[in-house]
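Enquirer: What follows is a single structure, and I will ask about it in a moment.
The values are calculated or read from the model by the stated rules, or taken from the named source; none is laboratory data. Quick caveat: nothing in here was measured; it's all calculated off a predicted structure. Virtual Cβ from ideal backbone geometry, glycine too; neighbours counted across all protein chains shown.
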Amino acid sequence: MNVLEAIRGRRSVRKFTEEPVSPEDLTKVLEAAQWAPSWVNVQPWKIIVVEDAGTKEALAGTLLPKNPAAKGMIQAPVLLVLVGERGKSGLYGDSFSTDKGDWYMFDLGIAAQNIALAAHSLGLGTVHVGAIDHKKAGSIVNVPDGFEVVEILPLGQPAFEPKAPPRKGLEEFVTLESFEGNKWGGSG
Ligand SMILES: Cc1cc2nc3c(=O)[nH]c(=O)nc-3n(C[C@H](O)[C@H](O)[C@H](O)COP(=O)(O)O)c2cc1C
């Protein structure tokens, strides 16, 4: 599977079979995060691999009400808890250099999507789970001060292939030369 196929074919998977994730596949998925780009290569991430049923259940309990990923959090054989280190990303010298402040969410987002694409390319499934009580999740897996849970990615064999939710057309979000410029009219 090439990169474009992985980007197009990846779906949010919220139902998993009981099939375990092999240590080899898990390593490949973690290496996809390892090779993600980050602000001046600061790599402000930690990943906690959770396989213990009790911890998975406790983490599932941190999801905000009606989160559709709740069941999958318990079904999935592995949960990856993505943790960001505050105050390292977005710095030039000693201070944040842009009006965006700390760029850790951005760095973690890229690493997280690398994980999702790698998982898909291996025939595994996952979903970005961000609608959680982050502090509660952090306390369950003992995240210290200065670090914050960003999201949880359940990882496993998809129980079925979900349908793709619709996307905006390129003409709805791509313009030429300026924000109010002509809409993109190219092929695609
Ligand atoms: C930052 C972020 C947070 C998300 N949080 C959740 C979540 O808490 N629960 C959930 O079921 N899906 C969550 N999703 C998945 C989106 O709902 C999903 O990506 C979107 O509907 C598009 O579907 P697709 O991933 O299959 O293309 C999240 C996605 C992103 C990027």
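Enquirer: In the range 69-116, what residues are on the phi > 0 side of the Ramachandran plot and either at pLDDT 95 or above or in contact with a Lys or Arg (Cβ under 8 Å, 6 or more places away or on another chain) (or both)? Walk me through how you get there before you give the answer.
Expert: Looking only at the range 69-116, we keep the residues that are on the phi > 0 side of the Ramachandran plot, and these are 87, 90, 93, 101.
Correct list: 87, 90, 101.
Enquirer: Among residues belonging to the range 116-134 that are of a type in the set (A, V, I, L, M, F, W, C) and within 10 Å of the ligand (Cβ to nearest atom), point out the one that is surrounded by the fewest Cβ atoms within 10 Å (Cβ to Cβ).
Expert: Pass one, the range 116-134, residues of a type in the set (A, V, I, L, M, F, W, C): 116-119, 122, 124, 127, 129, 131-132.
Checking the rest, the ones that are also within 10 Å of the ligand (Cβ to nearest atom) come to 116, 127, 129, 131-132.
Numbers: 116: 25, 127: 23, 129: 28, 131: 15, 132: 23.
The extreme case among them is 131.
Enquirer: So, one more: Looking only at helices (runs of 4 or more DSSP H) that fall completely inside the range 1-115, which ones have 2 or more residues that are surrounded by fewer than 18 Cβ atoms within 10 Å (Cβ to Cβ) and among the polar types (S, T, N, Q)?
Expert: 23-34
Enquirer: Given the options 31, 24, 18, 5, name the one that is farther than 17 Å from residue 141 by Cβ and either modelled with pLDDT under 95 or hydrophobic (A, V, I, L, M, F, W, C) (or both). Break it down stepwise before answering.
Expert: Working: 31 fails: either modelled with pLDDT under 95 or hydrophobic (A, V, I, L, M, F, W, C) (or both); 24 fails: either modelled with pLDDT under 95 or hydrophobic (A, V, I, L, M, F, W, C) (or both); 5 fails: either modelled with pLDDT under 95 or hydrophobic (A, V, I, L, M, F, W, C) (or both).
The unique qualifying residue is 18.
Enquirer: Which of the residues that make up the range 148-174 are assigned to a strand (DSSP E or B) and among the small types (Gly, Ala, Ser)?
Expert: If we filter the range 148-174 for residues that are assigned to a strand (DSSP E or B), which is where we start, we get 148-156, 158.
Answer for the range 148-174, where residues must be assigned to a strand (DSSP E or B) and among the small types (Gly, Ala, Ser): just 156.
Yes or no, residue by residue, for (1) within 16 Å of the ligand (Cβ to nearest atom); (2) within 20 Å of residue 128 (Cα to Cα); (3) among the acidic types (Asp, Glu); (4) within 20 Å of the chain's Cα centre (by Cα):
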position	(1), (2), (3), (4)
4	yes, yes, no, yes
10	yes, yes, no, yes
51	no, yes, yes, yes
60	yes, yes, no, yes
67	yes, yes, no, yes
70	yes, yes, no, yes
82	yes, yes, no, yes
99	no, no, yes, no
105	yes, yes, no, yes
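Enquirer: I need a count of the residues in the range 14-41 that are out of contact with any helix residue (DSSP H, G or I) (no Cβ under 7 Å at 6 or more places or on another chain), among the hydrophobic types (A, V, I, L, M, F, W, C) and either over 14 Å from residue 117 (Cα atoms) or within 15 Å of the ligand (Cβ to nearest atom) (or both).
Expert: The total comes to 2.
Enquirer: Considering (1) under 25 Å from residue 32 (Cα atoms); (2) surrounded by fewer than 18 Cβ atoms within 10 Å (Cβ to Cβ); (3) out of contact with any Lys or Arg (no Cβ under 7 Å at 6 or more places or on another chain), say which one residue 170 fails and leave the rest.
Expert: Going through the list (1) under 25 Å from residue 32 (Cα atoms); (2) surrounded by fewer than 18 Cβ atoms within 10 Å (Cβ to Cβ); (3) out of contact with any Lys or Arg (no Cβ under 7 Å at 6 or more places or on another chain), residue 170 breaks only (1).
Enquirer: Of all residues in the range 135-147, which are surrounded by fewer than 19 Cβ atoms within 10 Å (Cβ to Cβ), in contact (Cβ under 8 Å) with a residue 40 or more places away in the chain and either within 12 Å of the ligand (Cβ to nearest atom) or not in a helix (DSSP H, G or I) (or both)?
Expert: Once the filter is applied, which keeps residues that are surrounded by fewer than 19 Cβ atoms within 10 Å (Cβ to Cβ), in contact (Cβ under 8 Å) with a residue 40 or more places away in the chain and either within 12 Å of the ligand (Cβ to nearest atom) or not in a helix (DSSP H, G or I) (or both), the range 135-147 yields 141, 146, 147.
Enquirer: Something else: Return yes when residue 177 is away from the ligand (no atom under 12 Å from the Cβ) and either at negative phi or not in a loop (DSSP other than H, G, I, E, B) (or both) and no when it is not. Reasoning before the result, please.
Expert: On the way: away from the ligand (no atom under 12 Å from the Cβ): yes; either at negative phi or not in a loop (DSSP other than H, G, I, E, B) (or both): no.
Criteria not met by residue 177.
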